[in-house]
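Report on the structure given below.
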Amino acid sequence: MSLTRRQVTTAALAAAPLAFAATGTAQASGRRPRTLYVAGDSTAAQKYSAAAPETGWGMALPFFLHKDRPVANHAVNGRSSKSFVDEGRLDAILSAIRPGDFLLVQFAHNDEKTEDPTRHTEPWTTYQDYLRLYIEGARARGARPVLATSVERRRFDANGNALPTHGEYPAAMRALAEEERVALLDLQALSLALWQKLGVEETKKYFNWTATEQDNTHFNPPGAIAVARLVAAELLHHRVLGRQDVRRLDAEIPESWITWPTATA
């Protein structure tokens, strides 16, 4: 199938992202709030009550952004840069995104799955090809694309060194961002440094470790909040957002602010 010929599927249209509506200043002045759309996988996605305490970083991102910068979180469990497009989920975003909005793209976890042709991409070819669809689609609609390398898994060697797990995908995204002159949030490098700083035992408090599960990929509330803080700080650092757009970068965010709504049929 050609990468430029795709249709919005019923599944994509039925997948309603959790969007945080902006009220107050922007509406009072007649200005439309500029929305930050998130396209990504389970590490960013909205989680529901059955999955608690698993938490996507996209759930915590609104805590660090001004109310006039709402987040529309379209990230979905198990998706790659390819399957997200093939299921029509990118088209769903592009049908809603408006000039002045932002499209933040984070994929790699599932692109790496060589055993699954519906999701697998090669770092220096098809992965970059699919990412270009997000970049071009956003730009064609007057929105600003932003790429984010995938957050790292929790993996350490015998000496307590945090290990990278995403192979060539982060390097391929960095190269594409430079080629396309797109802002890059290097979450892979930043999260790896954070896990190294925290160490083997302390990082367990940031991942979905429970009495019955030892999940080294997905976050609990503290982990999601920590990664969302990195995202917001990088959006400011790369001047995607201004100082007036972000808040609480140095503040403690209570875990109780994270909620898991009941999934609707």
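The values are calculated or read from the model by the stated rules, or taken from the named source; none is laboratory data. Because the structure is a prediction, the values reported are computed rather than measured. Please note: Cβ atoms are built from the backbone with ideal geometry, for glycine as well, and neighbour counts cover all protein chains shown. Keep in mind that these areas ignore ligands, DNA and RNA; they rest on the heavy atoms of the full protein, side chains included. Shrake-Rupley method; radii C 1.70, N 1.55, O 1.52, S 1.80 Å.
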Filter result (open to solvent by 10 Å² or more (accessible area, probe 1.4 Å) and either within 14 Å of the chain's Cα centre (by Cα) or under 16 Å from Thr217 (Cβ atoms) (or both)) within the range 60-74: Pro62, His74
Residue within the range 125-134 that is assigned to a helix (DSSP H, G or I), open to solvent by less than 10 Å² (accessible area, probe 1.4 Å), in contact with an Asp or Glu (Cβ under 6 Å, 6 or more places away or on another chain) and not hydrophobic (A, V, I, L, M, F, W, C) present: yes
Meets criteria (open to solvent by 30 Å² or more (accessible area, probe 1.4 Å), among the small types (Gly, Ala, Ser) and free of Cβ contacts under 8 Å to residues at least 60 places away in the same chain) for Ala96: yes
Within the range 16-123, helices (runs of 4 or more DSSP H) holding 2 or more residues that are polar (S, T, N, Q) and modelled with pLDDT of 95 or more: 81-86
The range 141-156, residues that are out of contact with any Asp or Glu (no Cβ under 6 Å at 6 or more places or on another chain), of a type in the set (A, V, I, L, M, F, W, C) and buried (at least 17 other Cβ atoms within 10 Å of the Cβ): Val146, Leu147, Ala148, Val151
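To keep it simple, each residue is scored yes or no on (1) open to solvent by less than 40 Å² (accessible area, probe 1.4 Å); (2) polar (S, T, N, Q); (3) farther than 19 Å from Leu230 by Cβ; (4) in contact with a Ser or Thr (Cβ under 6 Å, 6 or more places away or on another chain).
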residue: Glu136; (1), (2), (3), (4): no, no, yes, no
residue: Arg139; (1), (2), (3), (4): no, no, yes, no
residue: Asn161; (1), (2), (3), (4): no, yes, yes, no
residue: Gly167; (1), (2), (3), (4): no, no, yes, no
residue: Arg174; (1), (2), (3), (4): no, no, no, no
Residues of the range 180-238 satisfying the condition of being in a helix (DSSP H, G or I), within 25 Å of Asn159 (Cβ to Cβ) and open to solvent by 50 Å² or more (accessible area, probe 1.4 Å): Leu190, Ala193, Gln196, Lys197, Val200, Glu201, Glu202, Lys204, Lys205
